[in-house]
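Q: Here's a structure for you.
The values are calculated or read from the model by the stated rules, or taken from the named source; none is laboratory data. Not measured: the values here are computed from a predicted model. Positions of Cβ are backbone-derived with ideal geometry, glycine not excepted, and every protein chain shown enters the neighbour counts.
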Amino acid sequence: MERLLVIDDDAELSRLVIRFLAHEGFAIDWVPGGLAGGDRALAEDYSLIMLDVMMPDTDGFEVLRRIREHSRVPILMLTARGDTHDRVRGLEMGADDYLPKPFDPAELVARIRAILRRSSPQTAPAAISIYDVELDGGSRTVRRAGVLVDLTTVEFDLLAALMRVAGSIVSREDLVRNVLGRDFSPFDRSIDTHVCNLRRKLGPLEDGGERIKGVRGAGYLYASPARQVSR
């Protein structure tokens, strides 16, 4: 049974979420504060953490930063509806996904299951090496020039999807559907934020060019032809 942790000071909403997710077969722990929630997240083994942005003792971004210093556990941020800045900030700091409040419980379950599928080793792609970047699907690690690059589960799967067909354009619709595990919405810019994070973490090519190129109106491509590596 998957163990989930809810860090949210909204007791009424948390009780509803716990009841619904328990019915879906998850084991749920709840901590109503950010400081204690961060301690619990780092002290115990969870499959996923749901983290609210607005809490009285500390905000969710500080908790996210603290967790990400020590753990790659998948994190789903819960944000106020319409607050695009909070959503982008959370993704840039290493959250795997976000869900605006109020939300449909069925969508919450769909987001959770999509994140858990992405983090499952059964979904790992074959090893791929392109110039100085090596992606190892078995260990779900990425190295650039031999140095480990710390990626979230979404960033890893996004990079794998692009490197697997390097030199070819992958549409934003396909990336949202296959990497984020949800239907595409033209107003959802989260995939673009994840691409920006990848560019920043991987850095440019030796000639200064971008590894991941945006093609206006089409999608993204990884700039170099792929060279498959057997392990």
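Q: What pairs can you find where one residue is in region 167-195 and closer than 20 Å to L151 by Cα, the other is surrounded by fewer than 19 Cβ atoms within 10 Å (Cβ to Cβ) and modelled with pLDDT under 85, and their Cβ atoms are less than 6 Å apart, with a gap of 6+ or different chains?
A: Close Cβ pairs satisfying both conditions: V176/F184; T193/V88.
Q: Return the pairs, sorted by first residue and then second, in which the second residue is surrounded by 15 or more Cβ atoms within 10 Å (Cβ to Cβ) and in a loop (DSSP other than H, G, I, E, B), the first residue lies in region 91-115 and is without any contact (Cβ under 8 Å) to a residue 24 or more places away in the chain, the beta carbons are less than 9 Å apart, and the residues are 6+ apart or on different chains.
A: Short answer, once both residue conditions are applied: P100/D83; E107/R182.
Q: Could I ask something else about it? Can you find, within region 119-137, the residue that is modelled with the lowest pLDDT among those that are touching a strand residue (DSSP E or B) at 6+ places or on another chain (Cβ under 7 Å) and surrounded by 15 or more Cβ atoms within 10 Å (Cβ to Cβ)?
A: Per the criteria, the residue is A127.
Q: Please go through region 211-225 and give me each residue that is in a loop (DSSP other than H, G, I, E, B) and touching a residue at least 24 places away in the same chain (Cβ under 8 Å), ordered by number.
A: R211, A218, A223, S224, P225
Q: Which residues, counting only those in region 87-116, are surrounded by fewer than 17 Cβ atoms within 10 Å (Cβ to Cβ) and either in the same structural domain as L198 (by TED's automatic domain parsing) or outside any helix (DSSP H, G or I) (or both)?
A: The answer is P100, K101, P102, F103, D104.
Q: Something else now. Failed condition for D174, given (1) assigned by TED's automatic domain parsing to the domain that holds G209; (2) at positive phi, with all others met?
A: So D174 meets the others, but not (2).
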